[in-house]
Amino acid sequence: MSEFTVGDTDFLLDGRPVRLLSGALHYFRVHEAQWGHRLAMLRAMGLNCVETYVPWNLHEPRPGEFRDVEALGRFLDAAREAGLWAIVRPGPYICAEWENGGLPHWVPGHARTRDERFLRPVRAWFRRLLPEVVSRQIDRGGPVILVQVENEYGSYGSDAAYPDRLAGLLRAEGVTVPLFTSDGPEDHMLTGGSVPGVLATVNFGSHAREAFRTLRRHRPEGPLMCMEFWCGWFDHWGAEHVVRDPEDAAAALREILECGASVNLYMAHGGTSFAGWAGANRGGDLHDGPLEPDVTSYDYDAPLDEAGRPTRKFWAFREVLAEYAEGPLPEPPAPPAPLSTPAEARVTAWAPLEAVLEACGGTEVSSPVPPTFEELDVDRGVVRYEVTVPGPRQPYPLIARGLRDLAVVYVDGERAGVLTEAEERLKEPVAGHARVELWVESLGRVNYGPRSGEAKGITGGILHERQYLHDVRARGLRLDDLEDVSAVPFREPDGAGAPGLYRGSVTVRGAGDALLELPGWTRGFVWLNGFNLGRYWSAGPQRALFVPGPVLREGVNEVRVLEFEGASGRPPTLRGV
Ligand code: GLA
């Protein structure tokens, strides 16, 4: 059995210096049946290691209710089979353009501090999770060589006791491989995020020499590593698609390696934030500005695109990495087959949102102030708030104060407008007596900066003119509640394209990787054979949803679309990638 250690200048495998050429690949963003292909592609690029985060909220949707924690272990086994070492970053906070940065919506207390109300559930989670890692450490014949403490803590906080406690927790649960922290190459980030006696690494997209010089000021010894080399970037809904030139990225990679450093490409392969798990940012230099929700695709302009195909960046990186490889690089494996014949779905059934809420939603809560999503235990999904404007009274403005994030509003059953955080007030004043419904959607919880963890819903009250309207009825619908729709009273769609849940089928010949488009639909979620492909939104820049081939089967496939604003009546289409 091997031993992996941190030397004064190098990582050491059984005493022999090794350089880590690693790539990030999040197992939870790739269909399990395609892990093997992606890992083989990493090897073919010239990497010897894979790195993954672990999203706590995906695995513990409710306190003590765990879901497929074993997925991590299966992924690590696949990494070992592919001949790769593995770096695990278990958080509990992971950032990663992931809902709430990976923290469950139910997490109590002051997250990311030593607050016991926060540390207690972290401890319980780690106790459940870490055996997956511990049993696969390199000294036990597994691939795991390094484990991270928190994630860029120095960009967030300064409670030195907290990362220190986490490191202790990892050790107490049996992690024996070296630990590390990773932070931006800035003095305050490195002082805030690193832990005495634990390897410090840095994250950046360029200027390696300067970054490592900063790191050396804090850590005169230890191997140099860029734990996140940002070779691409992610997209926000309603913003420009972001790309990074392959040659420029390859030159930046070369600079890192010329410094004698190890590297982790972030991302080597991004994949997809399926099932509404994409997070959000806050704009502005202090990350306190407008909400910027992340798109479903996590393509990241990475060397392997969203469908796992090599891009120009892949070949450029391969050329650089080949110079540092021990022997010739393996050839890339054959790509997964694309869907061979384009297909159009037939939408045959529909149910209004009301009926879906009735059949699948949580229980209705009455309260003097609108409860938040968190209070209603809604992680990803929608909440219908209902209030009555008493009357008779004059028409006055109606305002959803502190709206997070978006509300489609109906007055006496008629669509009255769409409100956002920037536009909390209905265009047309509302006269009493009226029944007002606000269907509020979460567009993803903030995953970075001082506003991470903020609540969703109507967080400041519903106002008519200056008067709070108390007596709010609220009812939530979690996306996961739509896994079973057998209780929904579907009927024939009337062709008007009303919001609601649509159901239909698509007949597939030559199943394989595909792209799904919804021409003229506005915003919602799509399921194929029960697999939630994620959010679509006409705001762009993302125009099509990636469909992993293993989700499709030959012949008839079931399609469901939850549309929040308005559909065109045109059928969803599938084509090969
Ligand atoms: C930081 C985080 C990552 C990711 C990147 C941006 O470095 O550590 O999780 O969010 O930013 O993609």
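Could you give the length gained by full extension between GLU331 and SER486, i.e. 0.36 nm per residue of separation minus their alpha carbon distance, to one decimal place? Walk me through the numbers before you get to the answer.
On the way: separation 155, 0.36 × 155 = 55.80 nm, distance 4.72 nm.
That pair, GLU331 and SER486, stretches by 51.1 nm at full extension.
How long are the semi-axes of the equivalent ellipsoid of region 17-58, defined as square roots of 5 times the Cα gyration tensor eigenvalues? Whole Å, largest first. Intermediate results must be reported in sequence, preceding the final value.
On the way: eigenvalues 86, 42, 6 Å².
Listed largest to smallest, the semi-axes of region 17-58 are 21, 14, 5 Å.
For the chain, which whole percent of the accessible surface, found with a 1.4 angstrom probe, sits on carbon and sulfur atoms? Each step should come with its number before you reach the end.
Details: 10740 of 21640 Å².
Heavy-atom surface of the chain belonging to carbon and sulfur, 1.4 Å probe: 50 percent.
I'd like the antiparallel share, as a percent to the nearest 5, of DSSP beta bridges with both residues in region 210-298. Show your work: numbers first, answer last.
Details: 5 of 9 bridges.
Taking every DSSP beta bridge with both residues in region 210-298, the antiparallel ones total about 55 percent.
Over region 319-471, what is the relative contact order in whole percent, taking alpha-carbon pairs under 8 Å and six or more residues apart?
Working: 247 pairs, mean separation 42.4, N = 153.
Result for region 319-471 is 28 percent.
Determine the sum of side-chain charges near ALA434: Lys and Arg each +1, Asp and Glu each -1, restricted to other residues whose C-beta is under 12 angstrom from that of ALA434.
Details: positive: ARG393, ARG435; negative: GLU386, ASP412, GLU414, GLU428, GLU437.
Local net charge: -3.
Starting from 0.36 nm per residue, how many nanometres of slack lie between ALA33 and ARG117 once their C-alpha separation is accounted for?
On the way: separation 84, 0.36 × 84 = 30.24 nm, distance 3.80 nm.
That works out to 26.4 nm of additional length.
Would you mind calculating the gained length between HIS433 and ARG309 on full extension (0.36 nm times residue separation, minus the Cα-Cα distance), in nm to one decimal?
Working: separation 124, 0.36 × 124 = 44.64 nm, distance 5.81 nm.
Using 0.36 nm per residue and subtracting the Cα-Cα distance, I get 38.8 nm.
If you take the charge dipole of region 1-129 about its Cα centre, with +1 on Lys and Arg Cβ and -1 on Asp and Glu Cβ, which of LEU84, TRP125, VAL54 is farthest toward its positive end?
Comparing the listed Cα positions along the dipole, TRP125 ranks first.
Looking at the chain only, what percent of DSSP beta bridges run antiparallel? Nearest 5 please. Before the final figure, lay out each step's value.
On the way: 89 of 121 bridges.
For the chain, the DSSP antiparallel bridge percentage is about 75.
For region 419-474 and region 329-403, what is the separation of their Cα centres, given in Å?
14
What number, rounded to the nearest 500 deg cm²/dmol, is the helix-based mean residue ellipticity at 222 nm of the chain, given -39500 (n - 2.57) per DSSP H run of at least four residues and division by all its residues?
Numbers: 10 runs with 108 residues, N = 577.
So the helix-based figure for the chain works out to -5500 deg cm²/dmol.
If we count GluC sites (Glu not before Pro) as exposed when they sit in a DSSP loop and have at most 10 other beta carbons within 10 Å, what is the longest stretch of the chain that avoids them all? Mind dumping the intermediate values first?
Values: sites that count: GLU221, GLU240, GLU323, GLU326, GLU554.
Between the exposed loop sites, the longest stretch runs 327-553.
Express the Stokes-Einstein translational diffusion coefficient of the chain in µm² s⁻¹, to the nearest whole number, given a Kirkwood radius over alpha-carbon pairs, 37 °C and a viscosity of 0.692 mPa s. Walk me through the intermediate numbers first.
On the way: Rh = 24.9 Å.
Taking Rh from Cα pairs, D becomes 132 µm²/s.
Between ASP412 and ARG543, take the C-beta separation as r, use R0 = 60 Å, and let me know the FRET efficiency to the nearest 0.05.
Numbers: r = 36 Å, r/R0 = 0.60.
Efficiency computed from Cβ-Cβ geometry: 0.95.
Please get the size of the charge dipole for the chain, origin at its Cα centre, with Cβ charges of +1 on Lys and Arg and -1 on Asp and Glu, quoted in debye to the nearest 20. Before the final figure, lay out the partial values.
Values: 60 positive and 81 negative charges, 85 e Å.
For the chain, the charge dipole is close to 400 debye.
Kindly express, to the nearest 10 degrees and within the range 0 to 90, the angle between helix 312-322's C-alpha long axis and the longest C-alpha principal axis of the chain.
It is inclined by approximately 20 degrees.
Just name one of THR363, LEU25, GLY279: the one whose Cα is farthest towards the positive end of the charge dipole of the chain (beta-carbon charges, Lys/Arg +1, Asp/Glu -1).
Comparing the listed Cα positions along the dipole, THR363 ranks first.
Roughly how many whole Å is it from the C-alpha centroid of region 185-218 to that of region 509-533?
42
Could you please state, rounded to a whole Å, how far the C-alpha centre of region 34-60 is from the C-alpha centre of region 107-181?
One Cα centre to the other: 20 Å.
What nm value, rounded to one decimal, do you get for the distance between LEU286 and GLU65 when each label is placed 7 Å out toward the C-beta?
Result for the modelled spin labels: 3.8 nm.
To the nearest 10 degrees, how steeply does helix 208-218 sit against the main Cα axis of the chain, on a 0 to 90 scale?
Roughly 80 degrees between the two axes.
Can you give me the distance in nm between label points at TYR396 and SER340, each placed 7 Å from the Cα along the Cα-to-Cβ direction?
6.7
Looking at the square roots a ≥ b ≥ c of the eigenvalues of the Cα gyration tensor of region 365-437, which shape do they give, rounded for a/c under 1.5, prolate if a/b is larger than b/c, or oblate?
Working: a/c = 2.07, a/b = 1.50, b/c = 1.38.
Here region 365-437 falls in the prolate category.
Compute the signed sum of charges (Lys and Arg +1, Asp and Glu -1) over the other residues within less than 13 Å, Cβ to Cβ, of LEU199. Present the calculation step by step, with values, prior to reporting the outcome.
Numbers: positive: ARG219; negative: ASP8, ASP10, ASP183, GLU221.
So the surrounding residues net to -3.
Nearest 10 degrees, 0 to 90: what angle lies between the long axis of helix 70-81 and the longest principal axis of the chain (Cα atoms)?
For 70-81 against the chain, the angle is about 40 degrees.
Just going by the charge dipole of region 291-348, with Lys and Arg at +1 and Asp and Glu at -1 on Cβ, which of GLY327, TYR298, SER340 is farthest out on the positive end?
Working it through, the farthest residue towards the positive pole turns out to be SER340.
Based on the mean of other beta carbon atoms within 10 Å per residue, what is the order of 139-145, 335-341, most packed first? Provide the component values of the computation, followed by the final result.
Numbers: 139-145: 18.7, 335-341: 15.7.
Output ranking for 139-145, 335-341: 139-145, 335-341.
How are the C-alpha pair distances of region 268-307 spread across 5 Å bins, as whole percents from the shortest bin up?
Each 5 Å bin holds this share of Cα pairs: 7, 24, 20, 18, 17, 11, 3.
Quick one: dipole size for region 245-354, taken about the Cα centre, charges +1 on Lys/Arg Cβ and -1 on Asp/Glu Cβ, in debye to the nearest 20.
Values: 7 positive and 19 negative charges, 87 e Å.
Here the size comes out at about 420 debye.
Could you tell me whether region 282-378 comes out rounded, prolate or oblate from its Cα gyration tensor? Rule is a ≥ b ≥ c as square roots of the eigenvalues, rounded for a/c under 1.5, then prolate if a/b exceeds b/c, otherwise oblate. Intermediate results must be reported in sequence, preceding the final value.
Values: a/c = 3.57, a/b = 1.74, b/c = 2.05.
Oblate.
May I ask you to work out the translational diffusion coefficient for region 391-474 at 10 °C, viscosity 1.306 mPa s, via Stokes-Einstein with Rh from the Kirkwood sum over Cα pairs, reported in whole µm²/s? List each step's numbers first, then the result.
Working: Rh = 13.4 Å.
Once the numbers are plugged in, D ends up at 119 µm²/s.
Is there a quick way to get the dipole size of region 185-274? I mean about its Cα centre, with the Cβ of Lys and Arg at +1 and of Asp and Glu at -1; what is the value in debye to the nearest 20?
On the way: 7 positive and 12 negative charges, 81 e Å.
In total the dipole reaches around 380 debye.
Can you pull the Kirkwood radius for region 183-257, inverse mean 1/r over Cα pairs, to one decimal in Å? Write out the running numbers ahead of the final one.
Values: mean 1/r = 0.0738 Å⁻¹.
Taking the inverse mean of 1/r over all distinct Cα pairs, region 183-257 comes out at 13.5 Å.
Across region 15-123, how large is the tail of the calculated P(r) beyond 20 Å, expressed as a percent of all Cα pairs? Before the final figure, lay out each step's value.
Working: 2697 of 5886 pairs.
Taking all Cα-Cα pairs of region 15-123, the fraction more than 20 Å apart is 46 percent.
Per residue, how many Å² of accessible area does the chain show with a 1.4 Å probe? Kindly include the intermediate steps, with their values, before the conclusion.
On the way: 21640 Å² over 577 residues.
Per-residue value: 37 Å².
Find the Rg to Rh ratio for region 145-186, where Rh is the Kirkwood radius over alpha-carbon pairs and Rg uses the same atoms. Could the numbers behind the result be given before it?
Numbers: Rg = 10.7 Å, Rh = 10.8 Å.
Across region 145-186, the Cα-based Rg/Rh ratio is 0.98.
Over the chain, what is the relative contact order in percent, taking alpha-carbon pairs closer than 8 angstrom and at least six residues apart? List each step's numbers first, then the result.
Working: 1477 pairs, mean separation 83.8, N = 577.
RCO, the chain: 15 percent.
The values are calculated or read from the model by the stated rules, or taken from the named source; none is laboratory data. Everything numeric in this text was worked out from a predicted model, so none of it was measured. Note that we place each Cβ from the backbone using ideal geometry, even for glycine, and neighbour counts take in every protein chain shown. Only protein heavy atoms, including side chains, enter the accessible area calculation; ligands, DNA and RNA are left aside. Shrake-Rupley method; radii C 1.70, N 1.55, O 1.52, S 1.80 Å.
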